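Asker: The structure is given below, and queries will be raised subsequently.
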Amino acid sequence: MTHEFGRLDGTDHFVAPELYPAATTLSDAFVYRVEAELFYANAETVRTDLLERLENRDSDVELVVFDLTSSSTVDFGAAQMLEKLEEPIDDVMDRWRAEPSSS
């Protein structure tokens, strides 16, 4: 299971908005958590999920945080996926920068 996290208003706590409806996502930051071990068998699914969620954001993101505190294991295959995430994330962010602002 994966979540995009939001902040509980008035705190520094980040939680899943689908579990805590009072939490709100930050417009300029994308906080993502995997609630499982990250290993070769789920690495591509997690990568695809993260990039799709990032693509579907309504606002430009300046910071991406990949929270692995719930992932007790990250194997070599997953580590390779993480290493290769920088380029596709940068591509998404570059597209936002190139698009004219809607404001």
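The values are calculated or read from the model by the stated rules, or taken from the named source; none is laboratory data. Only a predicted model underlies this, so the values are computations on that prediction, with no experimental measurement involved. Because the Cβ atoms are built from the backbone with ideal geometry, glycine has one as well, and the counts that use them run over all protein chains shown. For the accessible areas, the whole protein counts, side chains as well, though only heavy atoms, and no ligand, DNA or RNA atoms are used. Shrake-Rupley method; radii C 1.70, N 1.55, O 1.52, S 1.80 Å.
Asker: Leaving out ligands, DNA and RNA, and with a 1.4 Å probe, what % of the accessible surface on the chain is carbon or sulfur?
Answerer: Within the chain, the accessible surface is 50 percent carbon and sulfur.
Asker: Another question about this same structure. Sticking with the crude label model, points 7 Å out along Cα→Cβ, report the distance from GLU18 to ARG95 in nm, one decimal please.
Answerer: Modelled inter-label distance: 2.2 nm.
Asker: For GLU37 and LEU85, what does the FRET efficiency come to when R0 = 25 Å and r is the distance between their Cβ atoms, rounded to the nearest 0.05?
Answerer: Using R0 = 25 Å, I get an efficiency of 0.90.
Asker: Now for a separate question. Could you state the accessible area per residue of the chain in Å², with a 1.4 Å probe and every protein chain left in place?
Answerer: 64 Å²
Asker: Order 33-39, 43-49, 85-91 from most to least packed using the mean count of other Cβ atoms within 10 Å.
Answerer: Ranked by mean Cβ neighbours within 10 Å, highest first: 33-39, 43-49, 85-91.
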